[in-house]
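Asks: Okay, here's the structure, questions in a sec.
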Amino acid sequence: VHRNEASAGRVEAVHRALVLLKLMAEEGSLSVTEAGHALDVNPSTAQRLLATLVGDGFATQGERKRYEPGPELLRPGASRPIPPLRTRLRPYLERLFERVGETVHVATLVGTEIHHLDGVEATTHALRFGLRVGVRLPAHQTSAGKAMLAALAREDVDARYQVAMHGTRGADMNVDLERLHQQLAKVRRQRVATNFEESEAGVAAFAVSIGVIDGERAAFSIAMPIARFSKADLPRFGGALVRTADETAEALRL
């Protein structure tokens, strides 16, 4: 089939919808303006196409009026490449940042370490916590690590640390397992994990586990200079973390 023959048989509206689906899968989210530019159409046409995708469950509209992959696009068994975890979680990470106005990260649990996959830095504060994207830290010293460890059975936590403590870095781990289990029990009751200068001096951090996504255990966290933290911040941060994690789990059908 020649290219012009294939184009002649193409249903333009379907083609445009498929282009938008691919862009959402690749970028994580899409605005009406970005959709219009990608398709070379006016905003009203892009808006109608995106609204149709929302109506059929292939897209959802977030708080910033950006369109994100919907449950039909993300459901297990869908015959499409699954975007990287960082891409899938980016819209929800941005949503968390909009709610709290502090530096936020998403991290995964690997053994007894957390890996910071992505983050959004709060740049408007004179005194702020910088990004830690790409940084690995001991799970038991971080809010994100404790949030994810709390989702594991006690035997799994013990097994991970027994392996780590017998490894090359075991002597430097400085972990009290009994104290850690006490902290994890508190996290299970309250759901929100905290870190007050455990991972580094001057930091206050809070986190909630999202769950297991594509085989990776992930968590959202908020970090700020402890000098700016007050006890009144904790309910607000905890509520935003729980709400965002629940929205993420529902959207990704975890």
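Asks: Measuring with a 1.4 Å probe in the full set of protein chains, what accessible area per residue, in whole Å², belongs to the stretch 85-252? Don't skip to the end; give the middle numbers.
Replies: Values: 7660 Å² over 168 residues.
The answer is 46 Å² per residue.
Asks: Please determine, in degrees from 0 to 90 and to the nearest 10, the orientation of helix 177-190 with respect to the longest principal axis defined by the Cα atoms of the chain, where the helix direction is its Cα long axis.
Replies: Approximately 50 degrees, to the nearest ten.
Asks: Could you give the length gained by full extension between Asp233 and Arg128, i.e. 0.36 nm per residue of separation minus their alpha carbon distance, to one decimal place? Can you show the working numbers first?
Replies: Numbers: separation 105, 0.36 × 105 = 37.80 nm, distance 1.51 nm.
Gain on extension, Asp233 to Arg128, equals 36.3 nm.
Asks: Here's another thing I want to ask about it. Determine the gain in length on full extension of the stretch Glu34-Glu250; use 0.36 nm per residue of separation and subtract their C-alpha separation, reporting nm with one decimal. Please list the in-between numbers first.
Replies: Values: separation 216, 0.36 × 216 = 77.76 nm, distance 2.58 nm.
Using 0.36 nm per residue and subtracting the Cα-Cα distance, I get 75.2 nm.
Asks: Which FRET efficiency value, to the nearest 0.05, is calculated for Val11 and Arg86 with the Förster distance at 41 angstrom and r the Cβ-Cβ distance? Write down the numbers at each step before the final one.
Replies: Working: r = 34 Å, r/R0 = 0.82.
Given R0 = 41 Å and the Cβ-Cβ separation, E is 0.75.
Asks: Additional query: In Å², what does the accessible area per residue of the stretch 12-73 work out to with a 1.4 Å probe? The partial results should precede the final answer.
Replies: Numbers: 3270 Å² over 62 residues.
With all protein chains present, the stretch 12-73 gives 53 Å² per residue.
Asks: Could you order peptides 84-94, 200-210, 179-189 by the average number of other Cβ atoms within 10 Å of their residues, highest first? Intermediate results must be reported in sequence, preceding the final value.
Replies: Details: 84-94: 19.8, 200-210: 22.3, 179-189: 14.6.
Highest to lowest by the protection proxy: 200-210, 84-94, 179-189.
Asks: Mind listing the phi-derived Karplus ³J(HN,Hα) values for the stretch 39-45, rounded to whole Hz, using 6.51, -1.76 and 1.60 with θ = phi - 60°, and x for any glycine or proline?
Replies: These are the phi-based 3J(HN,Hα) values: 9, 6, 10, 6, x, 5, 5 Hz.
Asks: Let me ask something else. Could you give the length gained by full extension between Gln61 and Arg179, i.e. 0.36 nm per residue of separation minus their alpha carbon distance, to one decimal place?
Replies: Values: separation 118, 0.36 × 118 = 42.48 nm, distance 4.27 nm.
Full extension of this stretch gives 38.2 nm more.
Asks: Classify the stretch 141-254 as rounded, prolate or oblate, taking a ≥ b ≥ c as the square roots of the eigenvalues of its Cα gyration tensor: rounded when a/c is under 1.5, otherwise prolate if a/b is larger than b/c and oblate if not.
Replies: On the way: a/c = 2.03, a/b = 1.20, b/c = 1.70.
It is oblate, given that a/c is not under 1.5 and a/b is not larger than b/c.
Asks: Of all accessible surface on the chain at a 1.4 Å probe, what whole percent is carbon and sulfur? Each step should come with its number before you reach the end.
Replies: Numbers: 6710 of 13140 Å².
The computed percentage sits at 51.
Asks: Helix 12-27: angle to the longest alpha-carbon principal axis of the chain, degrees 0 to 90, nearest 10?
Replies: Helix 12-27 sits roughly 20 degrees off the main axis of the chain.
Asks: Next question. Gaussian network model of the chain, Cα springs within a sub-10 Å range: biggest mean-square fluctuation belongs to which of Arg95, Arg66, Arg154?
Replies: Ranking Arg95, Arg66, Arg154 by mean-square fluctuation puts Arg154 first.
Asks: Still on this structure, please answer the following. Any lysines with Cα under 28 Å of the Lys146 Cα? List them, leaving off those in the same chain fewer than 8 positions away.
Replies: Lys186, Lys231
Asks: Return the single residue from Gly167, Gly57, Gly36 with maximal mean-square fluctuation; model: Gaussian network over the chain, springs between Cα atoms under 10 Å.
Replies: Maximum among the listed residues: Gly167.
Asks: Per DSSP H run of n ≥ 4, the term is -39500 (n - 2.57); total these for the chain, divide by its residue number, and report the mean residue ellipticity at 222 nm rounded to 500 deg cm²/dmol. Spell out each step's value before the answer.
Replies: Numbers: 10 runs with 115 residues, N = 254.
Helix contribution divided over all residues of the chain: -14000 deg cm²/dmol.
Asks: For the chain, what is the charge dipole size about the Cα centre, in debye to the nearest 20, if Lys and Arg each add +1 at the Cβ and Asp and Glu each add -1 at the Cβ? Please report the intermediate quantities before stating the final value.
Replies: Numbers: 33 positive and 31 negative charges, 69 e Å.
Here the chain has a charge dipole of around 340 debye.
Asks: Below 27 Å, Cα to Cα, which lysines can Lys22 reach? Residues fewer than 8 away in the same chain don't count.
Replies: Lys65
Asks: With the cut-off at 1.5 for a/c, could you classify the stretch 12-73 from its C-alpha gyration tensor as rounded, prolate or oblate?
Replies: Details: a/c = 1.43, a/b = 1.23, b/c = 1.16.
Since a/c stays below 1.5, the shape of the stretch 12-73 is classed as rounded.
Asks: If you don't mind, another one. Label the stretch 24-137 by shape, choosing from rounded, prolate and oblate, from the square roots a ≥ b ≥ c of the eigenvalues of the Cα gyration tensor; if a/c is under 1.5 it is rounded, and otherwise prolate applies when a/b is larger than b/c, oblate when it is not. Can you show the working numbers first?
Replies: Numbers: a/c = 2.75, a/b = 1.52, b/c = 1.81.
In terms of gyration-tensor shape, oblate.
Asks: Can you tell me the orientation of helix 154-165 relative to the chain, as the angle in degrees between its alpha-carbon axis and the longest Cα principal axis, to the nearest 10?
Replies: 80
The values are calculated or read from the model by the stated rules, or taken from the named source; none is laboratory data. Everything numeric in this text was worked out from a predicted model, so none of it was measured. Note: ideal-geometry Cβ built from the backbone for every residue, glycine included; neighbour counts use all protein chains shown. With ligands, DNA and RNA removed, areas are computed over all heavy atoms of the protein, side chains included. Shrake-Rupley method; radii C 1.70, N 1.55, O 1.52, S 1.80 Å.
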